[in-house]
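First comes the structure, then the notes that go with it.
Bear in mind that the values in this text are calculations on the coordinates, not laboratory data. Since we're looking at a predicted model, the values are computed, not measured. Glycine also receives a Cβ, built like all others from the backbone with ideal geometry; neighbour counts cover every protein chain displayed.
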């Protein structure tokens, strides 16, 4: 005889029972009667033949085992192999800051001097009508910029950068960047200064 699906009216559980047989609900114990050739459940007054109930085998999906992790990959190197963190005393840090500050002050002072030289050259050519002398002064300003950029890169106190590094570690790159930035900066500052002097001359 074929097996049919029976739904328990008491708990709603599903069971497979051979047609024409009676069995017990495996979930609540209620007696079920499977009619021959029909899949409709029937309520039975007694509780017999529970051993004839058969259930569909559950589908178990095979899951591949997770890959094993190598514990050695998460281990820190031994203390003896770690690079020691260099410690600096307050005196060393203060000395390094002093050297860097002096180097910055020299560069700023040179930029101011170059601005004054360019302003003086423009004034000679424009106000005093000495174009040849003014041109020579302007050429001296233009030549002083790359010369000072190279000199500034050479005397840069790299040993004073204790806890950090310069923005441009390559000194050649720093000299080129210094030259490219100094020309427009000093030219703009000189133009503003000369315009201010012309304004004062107009007032007085």
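Which order do peptides 94-104, 5-15 fall in by mean Cβ count within 10 Å, highest first?
Numbers: 94-104: 13.5, 5-15: 15.6.
Packing order, densest peptide first, comes out as 5-15, 94-104.
Among 159-167, 143-151, how do they line up by average Cβ neighbours within 10 Å per residue, starting with the highest?
Ranking the peptides 159-167, 143-151 by packing returns 143-151, 159-167.
Mind jotting down the distance between the C-alpha centroids of the stretch 88-121 and the stretch 135-201, whole Å?
12
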